[in-house]
Structures are given as C-alpha cells and as structure tokens.
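Working notes, structure below.
The values are calculated or read from the model by the stated rules, or taken from the named source; none is laboratory data. Worth saying up front: this structure is predicted, and the values here are computed from it rather than measured. FYI the Cβ positions are ideal-geometry reconstructions off the backbone, even for glycines, and counts take in every protein chain you see. Ligands, DNA and RNA are stripped out before the accessible areas are found, and what is left, the full protein with its side chains, is counted by its heavy atoms. Shrake-Rupley method; radii C 1.70, N 1.55, O 1.52, S 1.80 Å.
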Amino acid sequence: MPAYNEGSALATPLAALCQRYRHIVVIDDGSLDDTSAVAARFPVCVVRHAINLGQGAALQTGLDFALAEGAALLVTFDADGQHTVTDIETLLAPLRRGEVDVVLGSRFLGSAVGMPLHRKLTVKLGVLFTRIFSRLKITDTHNGLRAFSRAAAAKIAIEQNRMAHASEILDQVHRHRLRYCEVPVRIEYSRASLAKGQSSWAAVKIACQFLLGRILR
Amino acid sequence: MTLFQRLAIVGVVPGGVAAEPNSTMTLFQWLAITFLAGLLLLEIWEAIRGSAQRSVWWLRIAVWLTTAAAIARPEWVTSLATTLGIHRGADLVTYAAVLLLFITSLYFYARYLRLQHQITVLTRRMAILEARRPHDDETSEQKVQP
C-alpha cells in the first residue's frame, strides 16, 4: 500500500485490511504528515522513503520488500480508501487457480461510484493509449488494485517513479508475455480521493513521461 | 552608404551581394578565435593528462574547430548554406543552434533520469534496511487476526 500524506485517510482502509490479512506493507513515500505514525498503530510493516519519490517508486519498493520477505502472491491497494477490501479475494482467485500471472482490477467491469465524467473520459483515453502502445486488450488503466504472482512480481521493474508507472506495468506485462486477466472491482470516489487524483492535464503529462521514458531508457 | 546597404553587404538583410573574403580579421574574430584556441589547448592538456573521456573529447574538439572555422571564414558557412538550399549563412547557424539546443536538452534529460534512478535505488535500499516490522514495536493497537 503506497501512501503519501494519507495520515487522515489511512486508518480506515488499514483497519479493514488488518481484519482479513496478516501481511500488509505500507510504503510511506516521504510523507510530511503523520502517515508513518498512523500506520505504526497497526500490525503492518512500514517502509519509509526518506524523500518523496512518487507512487511508482513506492510500489516498486513494496514489491521488492514483499518478495524479500517471501510473499507468494502480491496485491497493490491504494491508501486513500477508494478500494474495497473484499475485492482482494476476487483478484487472488485466478492467481490461486494458476490461470494467470497478473490480475488487473477494472472499475468498468465492476462499478465506479461517484466518478466524474471528465475522469471517466480521461481513463477511457488512457485505455486507448494502452491498447495502442502496450497492445493489451483491457477495459481499465491506472487502477491501483492489481495482483501479481511471485514470478510475475519478480519480473516487473518499475522505473517510472511518478504516475506513468501504471502504463509501464502494463507495458511490462506485454513485454514479459505475462498471462493476465481483468476482474470487476468497485471504486468509491470521495471528495478527498478526487482532490488527490490526477487532472486531465496530468494525464497528458503522464503519457509524455511514459513515452520519453521509453525512448530514453 | 546607407545602413540598409551596409547590412545587405554583410548579409543581415536579403538582396545583398556577398562580401569579398577579407584577408584581415576583425577584432571580434581575433577575440573569438583566441578564446577557442585557449579552449583547444585546455582540451589537449586534458587529453595528455588522460582525464578526458575519449568519445566526448573528439566531439568537443570537432565543435571548437568548426566554430573557429565558421568565425574565421564566414564565407564558408554561406557557401555551405547555399549548397544545402538555405541561402544565408546566418540562417544555417540559427537552425544548427536550435538543433543543438534540442539535442543538448535531451542529453541532459537523459542524465537527469539516470541521476533520479540512482537516488531512487539508494532511497529504496535505505527504506528496506530500516523497515519497521509489527514485532519491532509492541505498541500496535490491533492484534493480528489468525
């Protein structure tokens, strides 16, 4: 669970996660607030970046840490409380059956409560972008709810520190020929999560970062 | 002679007749070429000391020599521009400068990405080494559910 300045929102999703799961890793991405202190009140591992690097870097840190601790299945989950804990089992089911290597959550197969129209259009454009550049037939992109098998997580190497990591992960799923599927998930937008979310202009910046990163890699 | 005629002769405004190559150099040419000669000597000194990177060294030598030649012999730039269909030497210099600026920006962006990657790796290594596990601290409010 990557978290940056989520001190006020973190307790609710963490409490729900701790009811069901034992191995939870919170990556505090150099927060300026009490994110680490809030996380430390729960029985979770807290990995803290000394400086803010971005969500992509935080996710890679979490994957590295979980792999080093011996995790067999890995799930990424946003810290702002917009994801539903019960969706994790839906994500893990195809992995446990050994059908795929990566499971992607899709709000368009499931539901997106309170999603503004402009956000919906931006994500749809992102899906189109992914279909063109990563050649993956998916219905959602930039959804923080994903699950990986251990072997798949070991192959993923996120180099895009900021928000372009979501496109990079999909690109690597295609490049490493990982088996993938989408499952329906529920995303509930709140005022706080919308305020922290990406603007439409940021989506253009993310696309540019992704393409430049690809060229200059 | 009007200002326009003077500018036309040196090629600042179109329609002028190319100036005859002058055997005597202007003050600007002397100053610029002296400066470039100094840079070349420094480059050679670095190469003798063995501290210069071979590939970049040759590139820098090529840039200094081309610049010196263009300043000493502006008519060469004009004839090159004519050959390329640009007509004016000043335009060729402008296009080359814009192109060089673009390439330099990309080069420094690539260096910035590499530096950022190094900082990320370092920060990640430190974070994982200093990770706090649940059993490290007994103040956790909630207990692990079986």
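Laid out as a table, the results:
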| read-out | value |
| --- | --- |
| A:Leu53 vs. criteria part of a loop (DSSP other than H, G, I, E, B) and surrounded by 19 or more Cβ atoms within 10 Å (Cβ to Cβ) | yes |
| Top-ranked residue in the range B:97-145 [being open to solvent by 90 Å² or more (accessible area, probe 1.4 Å), more than 25 Å from A:Leu63 (Cβ to Cβ) and facing chain A (nearest Cβ under 8 Å); ranked as modelled with the lowest pLDDT] | B:Lys143 |
| Test: residue in the range A:137-157 that is touching a His at 6+ places or on another chain (Cβ under 8 Å) and polar (S, T, N, Q) | no |
| Residue check, A:Ala57 within 15 Å of the chain's Cα centre (by Cα), among the aliphatic types (A, V, I, L, M) and at the interface with chain B (Cβ under 7 Å from one of its Cβ atoms) | yes |
| When residues of the range A:158-177 are limited to those that are part of a loop (DSSP other than H, G, I, E, B) and surrounded by fewer than 21 Cβ atoms within 10 Å (Cβ to Cβ), the one farthest from the other protein chains (Cβ to nearest Cβ) | A:Arg177 |
| Top-ranked residue in the range A:77-90 [being more than 14 Å from chain B (Cβ to nearest Cβ) and touching a helix residue (DSSP H, G or I) at 6+ places or on another chain (Cβ under 6 Å); ranked as surrounded by the fewest Cβ atoms within 10 Å (Cβ to Cβ)] | A:Gly81 |
| The listed residue being touching a Leu at 6+ places or on another chain (Cβ under 9 Å), open to solvent by 20 Å² or more (accessible area, probe 1.4 Å) and free of Cβ contacts under 8 Å to residues at least 40 places away in the same chain, out of A:Lys155, A:Lys120 | A:Lys155 |
| Hits in the range A:57-74 - residues which are buried (at least 23 other Cβ atoms within 10 Å of the Cβ) and either more than 19 Å from B:Pro134 (Cα to Cα) or basic (Lys, Arg) (or both) | A:Ala57, A:Ala58, A:Leu59, A:Gln60 |
| Members of the range A:112-127 that are over 17 Å from the mean Cα position of the chain (by Cα) and outside any helix (DSSP H, G or I) | A:Val113, A:Gly114, A:Met115, A:Pro116 |
| Any hit, the range A:16-32, residues being in a helix (DSSP H, G or I), in contact (Cβ under 8 Å) with a residue 24 or more places away in the chain and among the β-branched types (Val, Ile, Thr) | no |
| Set A:Val75, A:Val26: member being farther than 17 Å from A:Ile156 by Cβ and among the β-branched types (Val, Ile, Thr) | A:Val26 |
| Count of the range B:85-96 residues which are touching a helix residue (DSSP H, G or I) at 6+ places or on another chain (Cβ under 7 Å), open to solvent by 50 Å² or more (accessible area, probe 1.4 Å) and of a type outside the set (D, E, K, R) | 2 |
| Single unsatisfied condition, A:Leu91 versus (1) out of contact with any Ser or Thr (no Cβ under 7 Å at 6 or more places or on another chain); (2) at pLDDT below 95 | (2) |
| Matching residues, the range A:1-15, being part of a helix (DSSP H, G or I) and of a type in the set (Ser, Thr, Tyr) | A:Thr12 |
| Restricting the range A:27-44 to residues that are crowded, with 23+ Cβ neighbours inside 10 Å and not aliphatic (A, V, I, L, M), the residue that is farthest from the other protein chains (Cβ to nearest Cβ) | A:Thr35 |
